[in-house]
(Lines give C-alpha, C1' and ligand atoms only; values in the text may rest on other atoms or scores of the structure.)
Protein backbone atom coordinates (compact mmCIF):
# COMPACT_ATOMS: atom_id res chain seq x y z
CA UNK A 1 0.00 0.00 0.00
CA UNK A 2 1.34 3.41 -0.93
CA UNK A 3 2.31 5.44 2.13
CA UNK A 4 -0.31 8.05 2.88
CA UNK A 5 -3.10 6.16 1.10
CA UNK A 6 -6.50 6.64 2.71
CA UNK A 7 -9.41 4.21 2.70
CA UNK A 8 -12.88 5.03 3.98
CA UNK A 9 -15.31 2.63 5.62
CA UNK A 10 -18.96 3.00 4.62
CA UNK A 11 -22.12 1.60 6.19
CA UNK A 12 -25.26 0.82 4.22
CA UNK A 13 -28.42 2.24 5.75
CA UNK A 14 -30.98 -0.27 4.52
CA UNK A 15 -33.94 1.81 5.76
CA UNK A 16 -33.01 4.74 3.53
CA UNK A 17 -31.09 2.69 0.93
CA UNK A 18 -28.14 5.05 1.30
CA UNK A 19 -24.42 4.69 1.95
CA UNK A 20 -23.00 6.53 4.97
CA UNK A 21 -19.21 7.03 5.39
CA UNK A 22 -18.36 6.22 9.02
CA UNK A 23 -14.58 5.79 9.39
CA UNK A 24 -11.22 6.04 7.69
CA UNK A 25 -8.00 4.05 7.60
CA UNK A 26 -4.71 5.79 6.82
CA UNK A 27 -1.37 4.16 6.21
CA UNK A 28 1.62 6.17 7.41
CA UNK A 29 4.98 4.88 6.18
CA UNK A 30 8.42 6.11 7.14
CA UNK A 31 11.90 5.21 8.31
CA UNK A 32 10.45 3.84 11.55
CA UNK A 33 8.22 1.38 9.71
CA UNK A 34 4.52 1.14 8.92
CA UNK A 35 1.75 2.65 10.99
CA UNK A 36 -1.95 2.15 10.33
CA UNK A 37 -4.41 4.59 11.86
CA UNK A 38 -8.15 4.04 12.22
CA UNK A 39 -10.59 6.70 13.37
CA UNK A 40 -14.27 7.48 13.01
CA UNK A 41 -15.47 10.42 10.94
CA UNK A 42 -18.49 12.67 11.34
CA UNK A 43 -20.64 10.50 9.13
CA UNK A 44 -20.58 7.96 11.98
CA UNK A 45 -22.48 10.40 14.19
CA UNK A 46 -25.21 10.61 11.54
CA UNK A 47 -25.07 6.83 11.22
CA UNK A 48 -25.63 6.32 14.96
CA UNK A 49 -28.90 8.23 14.65
CA UNK A 50 -29.92 5.77 11.93
CA UNK A 51 -28.91 2.62 13.80
CA UNK A 52 -25.17 2.30 13.15
CA UNK A 53 -23.15 0.86 16.03
CA UNK A 54 -19.36 1.20 16.47
CA UNK A 55 -17.43 -1.87 15.38
CA UNK A 56 -16.49 -4.36 18.10
CA UNK A 57 -12.82 -3.98 17.14
CA UNK A 58 -13.10 -0.19 17.46
CA UNK A 59 -15.69 0.47 20.20
CA UNK A 60 -14.85 4.12 20.98
CA UNK A 61 -16.14 6.69 18.48
CA UNK A 62 -13.65 9.29 19.71
CA UNK A 63 -10.49 7.19 19.97
CA UNK A 64 -7.64 7.04 17.46
CA UNK A 65 -6.52 3.43 16.96
CA UNK A 66 -3.00 2.69 15.74
CA UNK A 67 -1.18 -0.48 14.76
CA UNK A 68 2.13 -1.36 13.01
CA UNK A 69 0.23 -3.93 10.92
CA UNK A 70 -3.09 -3.97 9.13
CA UNK A 71 -5.94 -4.40 11.60
CA UNK A 72 -7.63 -7.84 11.46
CA UNK A 73 -10.95 -6.03 10.90
CA UNK A 74 -9.58 -5.22 7.42
CA UNK A 75 -7.20 -8.11 6.70
CA UNK A 76 -9.98 -10.62 7.38
CA UNK A 77 -11.94 -9.07 4.51
CA UNK A 78 -9.28 -10.03 1.97
CA UNK A 79 -9.39 -13.43 0.28
CA UNK A 80 -6.52 -15.64 1.55
CA UNK A 81 -3.78 -16.34 -0.98
CA UNK A 82 -4.22 -20.05 -0.22
CA UNK A 83 -7.69 -20.15 -1.75
CA UNK A 84 -7.69 -22.06 -5.07
CA UNK A 85 -9.70 -19.27 -6.73
CA UNK A 86 -7.40 -16.49 -5.49
CA UNK A 87 -5.78 -15.74 -8.86
CA UNK A 88 -9.14 -15.79 -10.62
CA UNK A 89 -10.44 -13.37 -8.00
CA UNK A 90 -7.59 -10.91 -8.70
CA UNK A 91 -8.34 -11.20 -12.39
CA UNK A 92 -11.97 -10.22 -11.76
CA UNK A 93 -10.69 -7.15 -9.90
CA UNK A 94 -8.23 -6.27 -12.66
CA UNK A 95 -5.20 -6.59 -10.37
CA UNK A 96 -1.72 -7.93 -11.08
CA UNK A 97 -0.87 -10.76 -8.62
CA UNK A 98 2.78 -9.67 -8.64
CA UNK A 99 1.92 -6.17 -7.41
CA UNK A 100 -1.34 -6.39 -5.45
CA UNK A 101 -1.05 -6.33 -1.67
CA UNK A 102 -3.83 -6.89 0.88
CA UNK A 103 -4.85 -3.24 1.06
CA UNK A 104 -4.92 -2.78 -2.71
CA UNK A 105 -7.15 -5.84 -2.98
CA UNK A 106 -9.35 -4.47 -0.20
CA UNK A 107 -9.61 -1.08 -1.92
CA UNK A 108 -10.61 -2.63 -5.25
CA UNK A 109 -12.98 -5.31 -3.89
CA UNK A 110 -14.57 -3.25 -1.14
CA UNK A 111 -14.14 -6.05 1.38
CA UNK A 112 -17.85 -6.73 1.26
CA UNK A 113 -19.44 -9.63 3.15
CA UNK A 114 -22.88 -11.12 2.98
CA UNK A 115 -23.08 -10.97 6.79
CA UNK A 116 -22.77 -7.18 7.23
CA UNK A 117 -23.38 -3.84 5.51
CA UNK A 118 -19.81 -2.60 5.45
CA UNK A 119 -17.72 -1.60 2.45
CA UNK A 120 -14.21 -0.15 2.18
CA UNK A 121 -13.51 2.43 -0.54
CA UNK A 122 -10.28 4.20 -1.56
CA UNK A 123 -9.94 7.98 -1.59
CA UNK A 124 -9.01 9.01 -5.16
CA UNK A 125 -5.40 10.05 -5.73
CA UNK A 126 -3.77 11.82 -8.65
CA UNK A 127 -2.57 9.44 -11.35
CA UNK A 128 0.87 9.57 -12.99
CA UNK A 129 -0.23 12.36 -15.33
CA UNK A 130 -1.74 14.40 -12.51
CA UNK A 131 -5.33 13.57 -13.43
CA UNK A 132 -8.30 12.28 -11.45
CA UNK A 133 -8.64 8.54 -12.06
CA UNK A 134 -10.66 6.18 -9.90
CA UNK A 135 -12.02 2.68 -10.36
CA UNK A 136 -15.25 1.32 -8.98
CA UNK A 137 -17.66 -1.58 -9.35
CA UNK A 138 -20.96 -0.73 -11.04
CA UNK A 139 -23.90 -0.56 -8.63
CA UNK A 140 -27.64 -1.18 -8.81
CA UNK A 141 -27.59 -3.67 -11.70
CA UNK A 142 -30.18 -5.92 -10.08
CA UNK A 143 -32.74 -3.11 -9.94
CA UNK A 144 -32.63 -2.21 -13.65
CA UNK A 145 -34.63 -4.33 -16.13
CA UNK A 146 -32.45 -5.50 -19.01
CA UNK A 147 -29.19 -4.24 -17.51
CA UNK A 148 -27.66 -7.66 -16.93
CA UNK A 149 -28.42 -8.78 -20.50
CA UNK A 150 -26.86 -5.62 -21.99
CA UNK A 151 -23.81 -5.91 -19.75
CA UNK A 152 -23.19 -9.38 -21.15
CA UNK A 153 -22.57 -7.69 -24.52
CA UNK A 154 -20.29 -4.94 -23.18
CA UNK A 155 -16.71 -4.93 -24.41
CA UNK A 156 -13.77 -4.18 -22.17
CA UNK A 157 -12.74 -0.60 -22.80
CA UNK A 158 -16.19 0.41 -24.03
CA UNK A 159 -17.14 3.95 -23.10
CA UNK A 160 -20.07 4.47 -20.74
CA UNK A 161 -22.05 7.69 -20.46
CA UNK A 162 -22.97 9.30 -17.16
CA UNK A 163 -26.14 11.22 -16.42
CA UNK A 164 -27.58 12.81 -13.30
CA UNK A 165 -30.67 11.18 -11.82
CA UNK A 166 -32.30 13.86 -9.60
CA UNK A 167 -35.57 11.90 -9.46
CA UNK A 168 -33.87 8.94 -7.78
CA UNK A 169 -35.85 8.29 -4.60
CA UNK A 170 -32.88 6.83 -2.69
CA UNK A 171 -30.41 9.57 -3.60
CA UNK A 172 -31.32 12.70 -5.62
CA UNK A 173 -27.58 13.17 -6.27
CA UNK A 174 -27.29 9.75 -7.93
CA UNK A 175 -25.26 9.42 -11.15
CA UNK A 176 -26.40 6.73 -13.58
CA UNK A 177 -24.38 5.06 -16.35
CA UNK A 178 -25.70 3.98 -19.74
CA UNK A 179 -24.29 2.40 -22.85
CA UNK A 180 -23.86 4.15 -26.19
CA UNK A 181 -27.20 2.68 -27.32
CA UNK A 182 -28.88 4.38 -24.33
CA UNK A 183 -29.42 1.28 -22.21
CA UNK A 184 -29.33 2.07 -18.50
CA UNK A 185 -26.77 -0.22 -16.84
CA UNK A 186 -26.31 0.89 -13.24
CA UNK A 187 -24.96 3.63 -11.01
CA UNK A 188 -21.72 5.18 -9.88
CA UNK A 189 -21.28 4.48 -6.12
CA UNK A 190 -22.82 7.06 -3.80
CA UNK A 191 -19.49 7.78 -2.12
CA UNK A 192 -18.23 9.39 -5.36
CA UNK A 193 -21.18 11.68 -6.07
CA UNK A 194 -19.85 14.58 -3.97
CA UNK A 195 -16.59 14.58 -5.94
CA UNK A 196 -18.50 14.33 -9.21
CA UNK A 197 -20.70 17.29 -8.26
CA UNK A 198 -17.58 19.38 -7.61
CA UNK A 199 -16.04 18.35 -10.95
CA UNK A 200 -19.27 19.27 -12.74
CA UNK A 201 -19.35 22.60 -10.94
CA UNK A 202 -15.85 23.30 -12.26
CA UNK A 203 -16.93 22.20 -15.75
CA UNK A 204 -14.43 19.34 -15.86
CA UNK A 205 -15.05 16.74 -18.56
CA UNK A 206 -15.42 13.22 -17.18
CA UNK A 207 -15.09 9.98 -19.12
CA UNK A 208 -16.14 6.54 -17.86
CA UNK A 209 -15.07 3.21 -19.34
CA UNK A 210 -15.94 -0.42 -18.71
CA UNK A 211 -12.42 -1.47 -17.84
CA UNK A 212 -13.35 -5.08 -17.25
CA UNK A 213 -16.55 -7.08 -17.75
CA UNK A 214 -16.91 -10.23 -15.65
CA UNK A 215 -19.55 -12.65 -16.89
CA UNK A 216 -21.29 -15.23 -14.66
CA UNK A 217 -20.47 -16.93 -12.35
CA UNK A 218 -19.02 -13.61 -11.13
CA UNK A 219 -21.59 -12.04 -8.74
CA UNK A 220 -23.57 -9.03 -9.92
CA UNK A 221 -21.66 -6.61 -7.70
CA UNK A 222 -18.42 -7.69 -9.46
CA UNK A 223 -19.91 -7.73 -12.96
CA UNK A 224 -18.43 -4.45 -14.29
CA UNK A 225 -15.22 -2.76 -13.15
CA UNK A 226 -15.40 0.86 -14.30
CA UNK A 227 -12.75 3.54 -14.65
CA UNK A 228 -13.54 7.25 -14.37
CA UNK A 229 -11.03 9.74 -15.80
CA UNK A 230 -11.06 13.52 -15.44
CA UNK A 231 -8.74 16.47 -15.08
CA UNK A 232 -7.70 17.22 -11.50
CA UNK A 233 -8.65 20.90 -10.94
CA UNK A 234 -6.28 23.21 -9.11
CA UNK A 235 -6.93 23.09 -5.38
CA UNK A 236 -9.30 20.15 -5.66
CA UNK A 237 -9.33 17.77 -2.68
CA UNK A 238 -11.43 14.58 -2.92
CA UNK A 239 -13.78 13.39 -0.21
CA UNK A 240 -13.95 16.78 1.51
CA UNK A 241 -17.61 16.78 2.47
CA UNK A 242 -18.65 17.29 6.08
CA UNK A 243 -19.27 13.55 6.53
CA UNK A 244 -15.64 12.70 5.80
CA UNK A 245 -14.10 14.92 8.49
CA UNK A 246 -12.68 13.28 11.65
CA UNK A 247 -14.85 13.14 14.73
CA UNK A 248 -11.90 14.32 16.81
CA UNK A 249 -10.00 16.97 14.83
CA UNK A 250 -6.89 16.96 17.04
CA UNK A 251 -5.77 13.36 17.68
CA UNK A 252 -3.28 12.83 20.46
CA UNK A 253 0.26 11.78 19.45
CA UNK A 254 0.99 8.03 19.58
CA UNK A 255 1.66 6.75 23.10
CA UNK A 256 1.97 3.38 24.76
CA UNK A 257 -1.67 3.74 25.74
CA UNK A 258 -2.69 3.61 22.07
CA UNK A 259 -3.24 -0.09 21.72
CA UNK A 260 -2.94 -1.99 18.48
CA UNK A 261 -5.98 -4.08 17.72
CA UNK A 262 -4.84 -7.66 17.34
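Only one of these is part of a strand (DSSP E or B) and either over 18 Å from the mean Cα position of the chain (by Cα) or farther than 19 Å from residue 19 by Cα (or both): 39, 66. Name it.
Of the residues listed, the single one that is part of a strand (DSSP E or B) and either over 18 Å from the mean Cα position of the chain (by Cα) or farther than 19 Å from residue 19 by Cα (or both) is 66.
When segment 14-67 is examined, which residues are found to be farther than 26 Å from residue 189 by Cβ and either exposed (fewer than 13 other Cβ atoms within 10 Å of the Cβ) or outside the structural domain of residue 118 (by TED's automatic domain parsing) (or both)?
If the condition is that a residue be farther than 26 Å from residue 189 by Cβ and either exposed (fewer than 13 other Cβ atoms within 10 Å of the Cβ) or outside the structural domain of residue 118 (by TED's automatic domain parsing) (or both), then 30, 31, 32, 33, 59, 60, 62 are the ones that fit.
From 70, 87, 137, grab the single residue that is crowded, with 17+ Cβ neighbours inside 10 Å, modelled with pLDDT under 95 and farther than 19 Å from residue 175 by Cα.
70
The values are calculated or read from the model by the stated rules, or taken from the named source; none is laboratory data. The structure presented is a predicted model; accordingly, all values stated were derived computationally and were not measured. Using ideal geometry, Cβ is built from the backbone for each residue, glycine included, and neighbour counts are taken over all protein chains shown.
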